[in-house]
Amino acid sequence: MKKQLLFGIALCIAGATIAQNSAPATSSYAPLKITSKFANKCVPYQKNQQLGAEQNSFENVVSTINNANKSKANKQNRSFLAEVIGSTYYQLQTNASICNRIVKSADGTISAIWTMDQSDDPWPNRGTGYNYFDGNAWGTPPLVRVENARTGFSNIGITSTGKEVIISHDASKLHMSSRAAKGTGAWSDTALSAITDTWARLSVGGVDGKTLHVISSSGTGGGTAMITFHGQTGSLNYSRSQDGGTTWDRLRTIIPEIDSSNYVGFGGDQYAIDAQDSTVAIVIGGFDTDLILLKSTDNGDNWVKTIVKQFAIPMYNGTTMNTDIDADGAGDTLETNDASVAVLLDNQGKTHVWYGRMFVLEEPGATGLSYFPYTDGLMYWNEGYATDSAKIIAGVQDLNGNDSIDMYIDGTNDGMGYYGVALSSQPSAGIDAAGNIYLSYCSLYEGIDHTGGGALDNSSGPHGAGGKNYRHMFITSSPDGGNTWCNPKDITNPESPLEGNYDYLEGVYGAMAKDVDGNIYLITQEDGSPGQGLSKDASSVIIDPQTSGAANILYYKIPVADACSNVGIQELNKNTTTVSVYPNPATTSATLSFTTTTKENVVVKIYNVTGQVVAEITNQTYNAGTHNLNVSLAKYTSGIYFYTVKVGNTMNSGKMIIE
């Protein structure tokens, strides 16, 4: 029998240990429950393959789900609108982490890019769509790609001289497009023949602002199998140019801390990079690997590795290993990251990291790892935290207040669009001069399915009947270096709402400009059909048929005052709670201790590994101070349990072992 951590736990338990060096972020998010028929759905993990490849499979979901009110709408007020700056029929902007696709310059100009094709499958003209804001207005949405060859998965950077650089990839190598002055002039195309990689990320740094830092995957070389390079199937390679791309003094180098003696390999797009002067930060994720921070303070010459979140099994190989870590013959469900990661260097050079929470499982005898796509929880970590001390800061919002995620199954559809990430994921971050941090991410939008309005999906086939929930884009902010986060705000809002209701839109792939002033600058992809329309199941059937034509690329200029919803930071974070359980492991009894700074109602619950509530320890009002609850464990069998401590609007949780 599978020892899987049901999604009721994946949502109800925001497990995190207390950081040793810094207080973890206060979370205003109370994680929600989901029916076990969704919770138990496991999907094969297709490491090292593009989501659009035919080889991807997605297990069909059939379930009876909570019958929420389909007309329920998000009533948050907005003082901003979105502007369409481009479009694309090719709707896959990344396989995991967000590319660096927007740069806001000090003079108020903005350069924005996306992967684009104005024709349909097989997208023969795929390449970079580009638009430029000159300080007064955006240009005409482009119909022709930047490059002279078919490319994709583009990143943009601007050097201190104003030179624009776009790094993408063609079938077998990286491709660079550049011009001397941003916003004007012809593009010069250079095939980086020495970098035979794909799925790159670019960040501009160096004390003179001319260094291009590029990380890229050894890729597939146009085939379906990942290329082995320096002993790794899917190596992550580092390249560097210190003169804006004219010459390269590092080409496809392997950073020693992540070489074949440390890791089997990495998937494409499962990493992010940020640079600031001589400091460079790289974060690498993956369902079956550690979440890794690599940091250099000498412009990429030397690196220091920090493990943000450790995967339970080192050097995991899904073809020869399984997740039975206690050797009882059944696979164990393991917590990991969803490979959609973001990294930000703040004004003092401190590193901040975000990722989606994920669970994986591989039974003995299986041929590969599987993951739980209905896992929720957007996680945050910074360098003041210890390993495995990330904190959940956001998740699916409970619009109807029933403490559950409401999804629709009206036939044989998959319940939501397929992106290969958690329910709340695709983070992207920015920062202002005062050190306030801003974050965008996408999250499942409950209670609205795309048969209820907007674009209707009447196509036939196993993935076409019935409704699917949308994803929306959200923003949140932290005024104190990540310690507290305000209540997220839904920003999905088209220029011309379908049927007058912005609920019926899929908002994903948000890329935020790092430099925030009085406004946040963000581009997203939005259309009327959930999913990205490229991924196919094992029978080569499109999982998410797109019935609304091309997706729009929308630009948002959001006043920083609108980075939170109607509930203010002070109200949300008026209480600070610390929680501990001792002894842990325990045998017959344990003490659960919590400290609250204000008078609040406190609810403490214990869950077993199937997601069932086995005990409600308390549900009453406590005065400010430290409180100790004695928990009798005599009636519980030995094993792993989880506890939640909800104090007002905040949720703390953790794992407890009974021997």
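List of remarks:
- The residues of segment 175-208 that are crowded, with 16+ Cβ neighbours inside 10 Å, in a loop (DSSP other than H, G, I, E, B) and small (Gly, Ala, Ser), listed by number, are GLY183, GLY206.
- For segment 342-378, filtering for residues that are aliphatic (A, V, I, L, M) and under 11 Å from VAL308 (Cα atoms) leaves 1.
- For segment 72-114, the tally of residues that are surrounded by fewer than 24 Cβ atoms within 10 Å (Cβ to Cβ), in a strand (DSSP E or B) and at pLDDT below 95 stands at 2.
- Applying the set (1) at pLDDT 90 or above; (2) closer than 21 Å to ALA550 by Cβ; (3) in a loop (DSSP other than H, G, I, E, B) to ALA433 leaves exactly one unmet item: (2).
- Criterion applied to ALA327, ALA366, ALA342 was being in contact (Cβ under 8 Å) with a residue 12 or more places away in the chain and surrounded by fewer than 18 Cβ atoms within 10 Å (Cβ to Cβ), and the one residue passing it is ALA366.
- Whichever residue in segment 79-104 is of a type outside the set (Phe, Trp, Tyr) and more than 23 Å from the chain's Cα centre (by Cα) and, among such residues, is farthest from GLY286 (Cα to Cα): SER79
- Among the candidates ASN337, ASN347, residue that is in a loop (DSSP other than H, G, I, E, B) and modelled with pLDDT of 95 or more: ASN347
- Yes/no for LEU554 being modelled with pLDDT of 80 or more, closer than 21 Å to PHE153 by Cα, open to solvent by less than 20 Å² (accessible area, probe 1.4 Å) and of a type in the set (A, V, I, L, M): yes
- For segment 307-322, the condition of being surrounded by 20 or more Cβ atoms within 10 Å (Cβ to Cβ), part of a strand (DSSP E or B) and of a type outside the set (Phe, Trp, Tyr) holds for at least one residue.
- Among residues of segment 307-326, those that are charged (D, E, K, R) and touching a Pro at 6+ places or on another chain (Cβ under 7 Å), counted: 1
The values are calculated or read from the model by the stated rules, or taken from the named source; none is laboratory data. Because the structure is a prediction, the values reported are computed rather than measured. FYI the Cβ positions are ideal-geometry reconstructions off the backbone, even for glycines, and counts take in every protein chain you see. With ligands, DNA and RNA removed, areas are computed over all heavy atoms of the protein, side chains included. Shrake-Rupley method; radii C 1.70, N 1.55, O 1.52, S 1.80 Å.
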